Each structure stands twice: as structure tokens, then as C-alpha cells.
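The values are calculated or read from the model by the stated rules, or taken from the named source; none is laboratory data. Because the structure is a prediction, the values reported are computed rather than measured. Please note: Cβ atoms are built from the backbone with ideal geometry, for glycine as well, and neighbour counts cover all protein chains shown. Just so you know, the surface numbers come from the protein's heavy atoms only, side chains and all, with ligands and any DNA or RNA stripped out. Shrake-Rupley method; radii C 1.70, N 1.55, O 1.52, S 1.80 Å.
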Amino acid sequence: MRRPSELNLPNSITILRILALPLCVYALFKNGGDDPTWRIIAWLLFFIVVMSDVLDGKLARSRNSVTEFGKLLDPIADKALIGTAMVGLSILGNLPWWITIVILTREIGITIFRFAVISNGVIPANRGGKIKTTIQNIAVGFYILPLSASLFWFRDLFMAVAIILTLATGLWYVIEARRR
């Protein structure tokens, strides 16, 4: 069986996701970060980047193009996306720094851990990790959107679930790596 090329379409899409992040940041900070029109544009750009993650995964699986490079780069791209959005929102004063620090500490810690245990093989994202990423993206999306204050409870509830899933899946990853 022929091994898929590391620089295939799904991996190229993942690289483009990372390269699109400065455009997302530009839209988020445009006009001081509090222009509702630009916040909607920022949300749309982040949404497109998130959906490209879904696309590259589906393409990789359907074309039998899953590579070790892709298994490693895809979660890094996810973390770059969530990190970029959360740091931007915290700089703007829209998201408490403690939330950004808790989530990014876990994300960066697990990424470093992945590199430390890579000689035993890449541990691909599991279902819990994919759900965690989805909930994080939805929660952060609610913070990017110019929501009415009456909906902040909903936005905050999603973020609370994202924090719990982030910590729980981080613990799972460490336990799984040690088991291997």
C-alpha cells in the first residue's frame, strides 16, 4: 500500500488555516475591536477557518491521506486558532485572562507533551478531544460575536463546559500516553 504524501491537500488546508489567522486578528481588532460589523466579519473568518478543519479531516479520511505530519499539525493548527482568538479577546477585555491562561496552559502543555512522547508514535485526537475543540470554538465564537448582554449567560455557560472538557481531556491524554 502506497504511503500518502506529507504535502497533500488536507495538510495544505491545515497550513492555510494557520496562515489565515493574521487576517482573523485584523478583523477582530479593526476599529478598536468594538465595531459590531467587524466583529461579525471576524466571527465569519474564524468560522471559515474552523470549517476548513472539518474539511481537511474529511478529505484526509476519505482519500486515505492521513499522515503522521497531519496528525501532528492538525492539533497545532487547532491550538493556534483557539489561542489567537482567546488572546485577542483577552487583550480587548472581552474574555477574562484567567480563562485564556487555563485553556492555553493545557493546550500548550499537551502539545509539548505530544512532542515528548512522539517516539512512541503520535497519539491522534480522540472523540473527547474533538468534542472539546468543537465546544471551545463555539464558546469563543460567542465571545467574538457582538451579543446582547442578555445572552452572556449562554456564552458563559458554553465557556464553562469548554473549560471542564479542556481539563478532563488533558488528563485523559496524559493517562493514555503513560499507558502506551
* Take the Cα pairs of region 91-180, get the Kirkwood Rh, then feed it into Stokes-Einstein at 37 °C and 0.692 mPa s and tell me D in µm²/s. => 231 µm²/s
* Asked: What is region 1-53 by shape, rounded, prolate or oblate, if you read a ≥ b ≥ c off the alpha carbon gyration tensor as root eigenvalues and call it rounded for a/c under 1.5, prolate for a/b larger than b/c, and oblate otherwise?
  -> prolate
* Structure fact -> Mean Cβ-within-10 Å packing, highest first, puts peptides 158-165, 138-145 in the order 138-145, 158-165
* **the chain - percent relative contact order, Cα under 8 Å, separation 6 or more** => 25 percent
* Structure fact -> Rounded to whole angstroms and listed largest first, the alpha-carbon spread of region 138-180 along its three principal axes comes to 47, 14, 7
* Structure fact -> So, over other residues within a Cβ distance under 11 Å of residue 168, counting Lys, Arg +1 and Asp, Glu -1, the net charge is +2
* Structure fact -> Counting only protein heavy atoms and rolling a 1.4 Å probe, one gets per residue an accessible area for the chain in Å² of 55 Å²
* Asked: Could you give the dipole magnitude of the chain about its Cα centre, charging the beta-carbon of Lys and Arg +1 and that of Asp and Glu -1, in debye to the nearest 20?
  -> 680 debye
